[in-house]
Each structure stands twice: as C-alpha cells, then as structure tokens.
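First comes the structure, then the notes that go with it.
The values are calculated or read from the model by the stated rules, or taken from the named source; none is laboratory data. Owing to the predicted nature of the structure, the values given are computational and were not obtained by experimental measurement. Note that we place each Cβ from the backbone using ideal geometry, even for glycine, and neighbour counts take in every protein chain shown. The accessibility values were calculated without ligands, DNA or RNA, using every heavy atom of the protein model including side chains. Shrake-Rupley method; radii C 1.70, N 1.55, O 1.52, S 1.80 Å.
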Amino acid sequence: MAVLVALGAFLMTLAGGWTAQRVTDRRHLVLGLAGGLMLGVVGLDLLPEALEAAGHKVFGVPAALVLFVAGFLLAHLVERLLAGRQAAHGAGEHTHRAPEVGLTAAAAMVGHSFMDGVAIGAAFQIGEGMGLSVALAVVAHDFADGFNTFTITSLYGNARRRAVAMLVADACAPVLGALSTTLVHIPEKLLGGYLGLFGGALLYLAAAEILPEAHHEHPARSTVLCTVAGAAFIWLVVGLSGG
C-alpha cells in the first residue's frame with residue numbers, strides 16, 4: 001500500500017515539473033509561486049514536524065531550530081564558495097549564478113522526497129489511518145517539490161536536460177524511500193534533525209535567491225500574489241491532512 005501511494009507522489013512530482021516547464025513565458029510568476037511554495041513548506045510543514053520529532057534542546061534551544069539556522073548558513077556558504085570558484089575561473093559578468101548551486105539544491109530536494117517516501121512507509125507501519133493521512137500531505141506537496149526542483153535547477157543556468165534529469169530523480173525518490181522502510185528504520189530524532197537542516201537551506205534559497213530573482217525584472221503585484229498563493233496552498237494542504 002505504501003509503495004502504491006508513493007507512485008501517486010511520483011506522478012504528482014512529474015506534474016509539478018511539467019507545469020514549471022510550460023509557463024516559461026511567465027518566468028517571474030513561476031518564481032514568485034515557487035518562492036511562496038517553498039516558504040509554505042518550510043514554515044508550515046517542515047519546521048513544525050522537525051520541532052515535534054527532535055524535541056530535545058541544545059544549550060537551551062530546540063535542536064531542530066539549531067539545525068534550521070545551520071542549514072540556512074550552510075546554503076549561504078555553499079553558494080558563496082561555488083560562486084567564488086566560478087568567478088575565479090573567468091565566468092562572464094552576466095552569469096553570476098553557479099550551476100552547481102542549482103544542482104546541489106535540487107539534490108537536496110531529491111533527498112527530501114526520499115524521506116517523504118520513508119515517512120509514508122513508516123506511517124503505514126503504525127496504522128492504515130496514519131499512513132493515509134501522511135500520504136495525503138506528501139502526495140499533495142510533491143507537486144510543489146516537482147515544480148521547485150525544475151525551477152531551481154533551471155534558475156542557476158543548468159541545461160534543460162539536467163533539470164529534467166533532476167525532476168525524474170525527484171519523482172523516483174519517494175518510491176525508493178517507501179521501499180527502504182522494509183529494510184531500515186530511521187530514528188525519529190534523526191529524522192527531525194534532517195527536516196530542520198533541510199528547512200533552513202530551503203528558506204535561504206527562497207528568501208535570498210528565488211524571490212529576489214522573481215522581482216528583478218518584473219516587480220509586479222501579480223508576482224506578490226503568486227507568492228501569497230503558493231504559501232496559502234501549502235497551508236491548505238497541511239490543514240486538510242490534519243496538520
């Protein structure tokens with residue numbers, strides 16, 4: 001049952017990536033929506049789950065929040081290092097974005113989708129009701145994952161074939177994650193720490209890269225509305241899935 005549900009996540013991820021490809025003539029709206037989706041996933045989905053799973057404190061601060069900040073700083077450091085390396089090798093003045101950053105971010109999305117599959121499998125081991133609740137949330141927000149994976153990879157100057165390859169990998173990841181639960185059990189605290197770290201990195205990409213790029217050439221009200229709509233969509237998904 002868990003694998004069948006994960007196949008639904010596979011299809012939704014591909015649907016999200018296909019949507020991102022079809023609206024390239026409205027790039028600023030795509031980026032605005034992607035930023036809202038990412039913000040919603042971090043603030044309304046990943047971080048609450050991370051705080052619940054990794055509830056212990058480190059020097060007076062919840063471990064999930066410490067890792068959240070670490071993820072944000074790590075994403076910033078990686079981007080600066082890769083951008084500096086690109087500049088040192090004579091990159092053009094108008095290509096300040098390192099393609100490796102996009103691939104690294106997309107790879108993180110693939111890892112997150114794999115953990116989505118693990119979450120589905122683990123929930124079904126607890127009970128069918130729990131499994132269906134988790135599956136609803138995962139399948140619904142995997143549309144956003146596919147959308148964001150293709151958008152992020154393309155944004156950093158990667159060729160379309162690379163963006164499609166990362167999209168396919170992201171679509172396959174939840175199926176593999178669900179299958180892995182028959183062999184491996186991941187401790188809840190470790191899973192919570194991962195969610196916090198990934199959430200921080202994702203927030204950096206949304207706030208420091210995706211949204212500024214969306215408003216760079218088209219500071220339109222419609223772009224802001226797309227961002228709000230993206231965050232509201234994730235809120236709806238989380239609410240319908242029972243939090």
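Structure summary
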{"quantity": "Filter pass, V30 being in a helix (DSSP H, G or I), of a type in the set (V, I, T) and modelled with pLDDT under 85", "calculated": "yes"}
{"quantity": "Residues of the range 49-62 satisfying the condition of being outside any helix (DSSP H, G or I) and either of a type in the set (S, T, Y) or open to solvent by 40 Å² or more (accessible area, probe 1.4 Å) (or both)", "calculated": "G55, H56, K57, V58, F59, G60, V61"}
{"quantity": "Among (1) surrounded by 13 or more Cβ atoms within 10 Å (Cβ to Cβ); (2) at pLDDT 90 or above, the one test that H76 misses", "calculated": "(2)"}
{"quantity": "Which listed residue, of I186, I234, I210, I152, is at pLDDT below 90, open to solvent by 20 Å² or more (accessible area, probe 1.4 Å) and not polar (S, T, N, Q)", "calculated": "I186"}
{"quantity": "Pairs where the first residue, in the range 63-81, is closer than 19 Å to G102 by Cβ and the second is part of a helix (DSSP H, G or I) and open to solvent by 60 Å² or more (accessible area, probe 1.4 Å), C-beta under 6 Å, 6+ apart", "calculated": "G71/L197"}
{"quantity": "The range 173-183: number of residues that are in contact (Cβ under 8 Å) with a residue 60 or more places away in the chain and open to solvent by 50 Å² or more (accessible area, probe 1.4 Å)", "calculated": "3"}
{"quantity": "One residue from L46, L39, L7, L14 being part of a helix (DSSP H, G or I), in contact (Cβ under 8 Å) with a residue 40 or more places away in the chain, open to solvent by less than 60 Å² (accessible area, probe 1.4 Å) and more than 18 Å from L190 (Cβ to Cβ)", "calculated": "L14"}
{"quantity": "Verdict on V164 being within 24 Å of R22 (Cα to Cα), of a type in the set (A, V, I, L, M, F, W, C) and modelled with pLDDT under 80", "calculated": "no"}
{"quantity": "Count of residues meeting criterion [under 15 Å from the mean Cα position of the chain (by Cα) and not hydrophobic (A, V, I, L, M, F, W, C)] in the range 186-212", "calculated": "6"}
